[in-house]
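Contents: one structure, followed by commentary.
The values are calculated or read from the model by the stated rules, or taken from the named source; none is laboratory data. These numbers were taken from a predicted model, which means no experiment stands behind them. Quick reminder, even Gly has a Cβ in these numbers, built from the backbone with ideal geometry, and neighbours come from all protein chains shown.
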Amino acid sequence: MEFSSKLLERAVNEMSQLPGIGKRTALRLVLHMLRQPKEQTLALTEALQTMRNDIKLCKSCHNISDVDVCDICSNPNRNEAIICVVEDVRDVMAIENTSSFKGLYHVLGGKISPMDGVGPHDLNIESLVEKVKLGKVKELIFALSSTMEGDTTNFYIYRKIQEYNVLTSTIARGISVGDELEYADEITLGRSIINRIPFEATLKS
Ligand SMILES: [Zn+2]
């Protein structure tokens, strides 16, 4: 791609670093910004900068938050005895949208994936085990996507907490294997949380 301006080229190159944005789309977006009032671009860059600088991870569940302990964890009406284990903030958002779950979450920050160099210690697993050890948690619901990585992660956590007195269940999904949680429709996802099944039942001997 030949550019008439180094400034334009740089903006396009930066924009095309985003997933799903090729050079052509990046150029279209940048040209769009140039046509818009300058304030619009400033508002965008300011929003991104502030988000990047000020955003926090909840000290308890590791969800993205503006405060040290997120609104879900600090809500006295939520049931702290049930923890739903998810991969990232998108899963929390999807499950919250169903209004079917009144427990707390634990955000792992990914799945165990040796292919991608992600081991158990790269994820928020230790802090989950520590929570279980405290004895307040009665049930863990595994809500990771049903991929090999998701299954591996579930099983790893299951082994880690097996000795403690905690129920484990997995969401019974009407979703085909490999579908990501965030794409499930709300009714299906809500039902799958209510109709969750004991984790042991999913283990093949
Ligand atoms: Zn939290």
Selection from the stretch 103-125 of residues part of a strand (DSSP E or B) and touching a Cys at 6+ places or on another chain (Cβ under 9 Å) yields GLY103, LEU104, TYR105, HIS106, VAL107
Counting only residues that are loosely packed, with under 11 Cβ neighbours inside 10 Å and either hydrophobic (A, V, I, L, M, F, W, C) or not in a loop (DSSP other than H, G, I, E, B) (or both), the stretch 1-23 contains a total of 3
Taking first residues from the stretch 105-126 that are free of Cβ contacts under 8 Å to residues at least 24 places away in the same chain and second residues anywhere that are within 16 Å of the ligand (Cβ to nearest atom) and in a helix (DSSP H, G or I), the pairs with Cβ under 9 Å that are 6 or more apart or on different chains are none
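Quick check on this structure: which one of LEU140, LEU128 is part of a helix (DSSP H, G or I), away from the ligand (no atom under 11 Å from the Cβ), modelled with pLDDT of 95 or more and in contact with a strand residue (DSSP E or B) (Cβ under 7 Å, 6 or more places away or on another chain)?
Exactly one residue qualifies, and that residue is LEU128.
In the stretch 54-100, how many residues are assigned to a loop (DSSP other than H, G, I, E, B), more than 10 Å from the ligand (Cβ to nearest atom) and within 25 Å of THR188 (Cα to Cα)?
5
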Residues that are in a helix (DSSP H, G or I), within 30 Å of ILE125 (Cα to Cα) and under 25 Å from the mean Cα position of the chain (by Cα): does the stretch 34-49 have at least one? yes
Test: residue in the stretch 102-109 that is surrounded by 15 or more Cβ atoms within 10 Å (Cβ to Cβ), closer than 17 Å to ASN63 by Cα and of a type in the set (Lys, Arg):
no
Check whether at least one residue in the stretch 38-53 is over 27 Å from LYS160 (Cα atoms), away from the ligand (no atom under 16 Å from the Cβ), surrounded by 11 or more Cβ atoms within 10 Å (Cβ to Cβ) and among the small types (Gly, Ala, Ser), and report yes or no. yes
